[in-house]
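See structure below.
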There are 2 protein chains.
Amino acid sequence: MAETAPRLAALDRDTLGDSAYQTLSDALIKGRFQPDDRLRIRDLAAELGTSVTPVRDAVLRLVQDRALVMRSPRDIRVPILSSADYLEIRTIRLNLEGLAAEKAADAVTSAHIAELERITAEKERALLAGDGAYATELNQVFHFALTDIAGMPVLKSVLQRLWLQMGPLIAEMYRTSGLEVVEHHHILIQALIDRDGQAAAAAIRSDILERGAPILERIRRAEREAAAGAG
Amino acid sequence: MAETAPRLAALDRDTLGDSAYQTLSDALIKGRFQPDDRLRIRDLAAELGTSVTPVRDAVLRLVQDRALVMRSPRDIRVPILSSADYLEIRTIRLNLEGLAAEKAADAVTSAHIAELERITAEKERALLAGDGAYATELNQVFHFALTDIAGMPVLKSVLQRLWLQMGPLIAEMYRTSGLEVVEHHHILIQALIDRDGQAAAAAIRSDILERGAPILERIRRAEREAAAGAG
DNA sequence: ATTTGATATATGATGCATCATAATCGGCGA
DNA sequence: TCGCCGATTATGATGCATCATATATCAAAT
């Protein structure tokens, strides 16, 4: 104990509960759960190799995030986002991600630019390779990088929860998309290089609107079908 | 299955965990905890008359909300908001509450107006009676009423978490404020009557900025003192 | 065969025992 | 007297037993 050497990383930072939360969040973002899927704490615990306690912790936190819903006291499910829910989240994202882009333009450095370009290039490769799950992940990384550049950790946590709510839908969208989904990223990067906050905000908003269009279409189609089915 | 009768209300089967979350949230908003206070799960459980499990559930959710922080694995505290944190939250609120006010102007009814006027009148009475805690609560009710009028439940949940983070600070501010804190509420109500979304958004933004000024001052003073004390 | 009510099962909620470890305290040596 | 090492205590994390109750199963009556 003569010295508290700055170990490379206090790796174990995570409790099992945090780990379960991360794992389930990833699964939601990657689309490994479908809307309306039912989750059972005991089953998840068996899958994760822990007792129910950490899984329960994680599930409760995800319910708090609205990333899961407790339909009845014993029925935990992946929510089915209504078109109204989706539009509301989209409106909030247009505001907040626009804000992040604007602030990022004030704080951006060349190192940040390089990082964003690296992420975008890798995302293009993933898309060309047909690896939708990886592209989804990189897309998320790109969007959250803006909040990091802007130096807005609270905003980041807010947006993470909103993304979690849309998780399964985004993953679905990426399964059928091509290179057009990076178009606005290039425009955004250029705006950041120009330190043009308004243009950066506009770029991210266009990205949200255009890539959201097919998602909204899918939701509305599902709602029409459900309405028809229920008579 | 002949019909899914809309039962009057499944009278929220609140679990003990939900109840603990509510109780602790209220305590934070009402200022019954001070920044940097340490919380002990076992103590809280004793106070609430339950086992540790529901309290742990609640505390984990509050940590997720950033309304509490785990400074070290065994040290749960009410966070000390830095001025940077506060300004970031303020920026987000300016955007989101502005958005709520704007949308509320599109959806408002005379019943809504009456409700807002009722809340404001009661808040004035509370302020005149020197009941800061009740005024704080009514202020919160007023702000969240806007998201209800706007029909934006997701936005409401986002804002609730932001308010929770500022909880102890807001309560402190209300202990020393007078009737000026309702001024913008009247302007806002008039804007809603006029269905003028821009004016409504401007009113709520002025409210946030002006009532936030003394809070920010207090934070900065505390930071200066801490810096001086640490030499 | 369909409905209905009793029974069995499934599953989250709750309480509690135990564990690991950080914080605290006490004693020993200089 | 002061400071360091080991024992003690405090406290969140984890696992698990039990409970309450929603859901599913099944038998009996019509």
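The values are calculated or read from the model by the stated rules, or taken from the named source; none is laboratory data. Model, not experiment: these values are computed from the prediction. So basically every Cβ, Gly included, is an ideal-geometry build from the backbone, and we count neighbours across all protein chains shown. Surface areas here come from the heavy atoms of the whole protein model, side chains and all, with no ligands, DNA or RNA. Shrake-Rupley method; radii C 1.70, N 1.55, O 1.52, S 1.80 Å.
Per-residue ellipticity at 222 nm computed for chain A from its helices equals -24000 deg cm²/dmol, with DSSP H segments shorter than 4 residues left out and the rest contributing -39,500 (n - 2.57). Computed with every protein chain present, the accessible area of A:T109 is close to 60 Å² [probe 1.4 Å].
If the segment from B:R38 to B:A213 were pulled out straight at 0.36 nm per residue, it would be longer than the present Cα-Cα gap by 60.3 nm. The spacing between segment A:156-231 and segment A:19-94, judged by their C-alpha centroids, is 20 Å.
Protein-only accessible surface at a 1.4 angstrom probe places the residues B:V69, A:V181 in the order B:V69, A:V181, largest first. Whole-percent P(r), chain B, all Cα pairs, 5 Å bins from 0: 1, 6, 12, 16, 17, 15, 13, 10, 5, 3, 1, 0, 0, 0, 0. In this simple spin-label model, placing a label point 7 Å from the Cα along the Cα-to-Cβ direction at both A:E180 and A:V69 gives a separation of 3.0 nm.
The orientation-averaged shadow of the Cα convex hull for segment B:184-231, equal to a quarter of the hull surface, comes to 3.3 nm².
Give the shape of the protein assembly as shown as rounded, prolate or oblate, defined through the alpha-carbon gyration tensor: a ≥ b ≥ c are the square roots of its eigenvalues, a/c under 1.5 means rounded, and otherwise the shape is prolate if a/b is larger than b/c and oblate if not. Mind showing how you got there, number by number?
Details: a/c = 1.20, a/b = 1.18, b/c = 1.02.
Rounded, because the longest to shortest axis ratio a/c is under 1.5.
Solvent-accessible surface, computed for protein heavy atoms with a probe of 1.4 Å, shrinks by 10 Å² or more for the following residues of segment B:121-163 when the other protein chains are added to the isolated chain: B:M152, B:P153, B:V154, B:L155, B:S157, B:V158, B:R161, B:L162. For the interface of chains B and A, what total accessible area is buried with a 1.4 Å probe, rounded to the nearest 100 Å²? That pair of chains buries around 2500 Å² in total.
Heavy-atom accessible surface of B:T176, to the nearest 10 Å², is about 110 Å², with a 1.4 Å probe and all protein chains retained.
Only protein heavy atoms count here; on that basis, with a 1.4 Å probe, A:M70 has an accessible area of about 80 Å².
When B:E124, B:E47 are compared by accessible area of protein heavy atoms, the largest-first order is B:E47, B:E124, using a 1.4 Å probe. Apolar share of the accessible surface for chain A: 52 percent from carbon plus sulfur atoms, 1.4 Å probe. Measuring heavy-atom accessible area with a 1.4 angstrom probe and counting protein chains only, the residues of segment A:64-102 that give up at least 20 Å² relative to the chain alone are A:Q64, A:R66, A:E88, A:T91, A:I92, A:N95, A:L96, A:L99.
Largest accessible area first, the listed residues A:I41, B:I189 line up as A:I41, B:I189 when surface is computed with a 1.4 Å probe on the assembled protein chains. Quick check for you: with a 1.4 Å probe and neighbouring chains kept, what is the accessible area per residue of the protein assembly as shown, in Å²? Counting only protein heavy atoms, the per-residue value for the protein assembly as shown is 50 Å².
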